[in-house]
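Right, one structure below, let's go through it.
Each value in this text was obtained by applying a stated rule to the coordinates, not by laboratory testing. Keep in mind it's a predicted model, so treat the numbers as computed, not measured. Ideal geometry is used to build each Cβ from the backbone, glycine not excepted, and the neighbour counts take in all protein chains shown.
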Amino acid sequence: MKQMEVGDAALVARARAGDESALQGLVERHSRAVFRLAYRMTRNEQDAEDVVQETFLKAFKRLDQFEDKANFGSWIYRIAANCSYDTLRGRARRESKLVRDQDDQGSEDQMQQVPTSEPSPERLVMSGEVRTRVGAAMARLSDRERSAFVLRHFEQMSTREIATILGLDEGAAKHSVFRAVKKLRAALEPYLPQAAKAEAL
Amino acid sequence: MNHLSEDDLVLLFYGEADDDLRAHFGGCAECRSAMGTLESLLATLREDDVPERGEEFSRAIWERVKPQRAPVAFVPRRARVLPVARRLAPFAALAASLLVAFLLGRASHVSEPITAGARERILLVAVSEHLERTQMVLVELQNAGGNGDVDLSSERQWAQELVPSNRLYRQAAVRAGETGMANVLEDLERLLVEVANGPARVSPAAFEEIQKRIESQGILFKVRVIESQVHERQRETARDVRNRLAS
């Protein structure tokens, strides 16, 4: 995590004093990073955008609880991680219900509403192969594995922080990261740089 | 010592390995080579496919957030929690009490009975707010700590405020046949009562006990699951209302 920047501290102080432009400043500073975290966890652009909005609404509602000595970035990313994980759980329930409904009704149309985790043809064309493969491999992880891995690898959170956000004990959080790395290695080893493959052999 | 497993290497990479693992790694060429492969994999993963968002995205988010945000009325945390929570606690309980009585149809002055759907929506909103507040206390408890005794005075005040309303929501959940919610609220109530009645400063060992209890019972996880279910039901009831209005 980055150390809290002076700019964030000043913006938080001004926001608490009722300065609306300071709130906007916090959105401008952090919304894209929050989006990246939310997208990595949810693998869905629309869900990630909704998470960004919900994150800032929650953060501003709780701004009076933010400790001055804390890092605003870390604080808001924790809120974003919580919102993302809630979104994943809600989506899993909806998809499960949708599958049940389809089984009941024999409808094929409804399945088209299930968000796909595979990269779209446009993304395949526009992205490099490695990026596409990485995205696809990440999408194939379970929600818990992907969330734990994203928080560990991209957000540099400790096992304890991950466990708190995901509502797991520390052992389970750690093993979610281990399983994620194993699956990612299996999926991506053929695409690793040649030198690394040679060492692996 | 055997060579390091992949899990050991992952711990080492993220700086969570113990001294034994680090000592072996320092003297083992084979493990360092294996680490090279892992580092290559993890570096490759940095090249992921997150869609880029430009300046306009921040502006769009602000336009979405601006009309919905609550006004920020900052009062320093300690100052807010200690006297204000104490003054508000009876009102929070009274509000919950009135709400629960209303929802159970015991408010005799209600001229027209509210529909079951409206009753459910009101209860869901109230319970959702309550669960959000309790979650904040639990997260604070999990993240508190440091050197020496732990100051739990603010968490204690929050707990004192939340116990009466938690009890009322639990009773309402029991009456409504919401067994899962009632059980979680019961677990929560035990913990809140313990914190509310405990000392304002606790030793590191006593604090660790509280944290272990939260963790071993999975209370935070259960509260999140229930809160998430409540949100889902809120969305479903909102959809039902929209569908009824549209038809």
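Miscellaneous remarks
- Take each residue in A:52-59, count the other chain C-beta atoms within 10 Å of its C-beta, and the mean is 4.
- Residue by residue along B:161-174, Cβ atoms of other protein chains within 10 Å of the local Cβ number 0 on average.
- Ranked B:Val195, B:Val163, criterion: other C-beta atoms within 10 Å, fewest first: B:Val163, B:Val195
- Subset of A:Lys58/A:Lys183; A:Lys69/B:Lys212; A:Lys61/B:Lys222; A:Lys174/B:Lys222; A:Lys61/A:Lys182 violating a 29 Å alpha-carbon distance limit: A:Lys58/A:Lys183; A:Lys61/A:Lys182
- For the residues of A:23-29, the average number of beta carbons from a partner chain within 10 Å of their own beta carbon is 5.
- Least to most buried among B:Arg46, A:Arg152 (fewest other Cβ within 10 Å first): B:Arg46, A:Arg152
- Computed packing ranks the peptides B:214-227, A:134-147 as A:134-147, B:214-227, most packed first, by mean other Cβ atoms within 10 Å.
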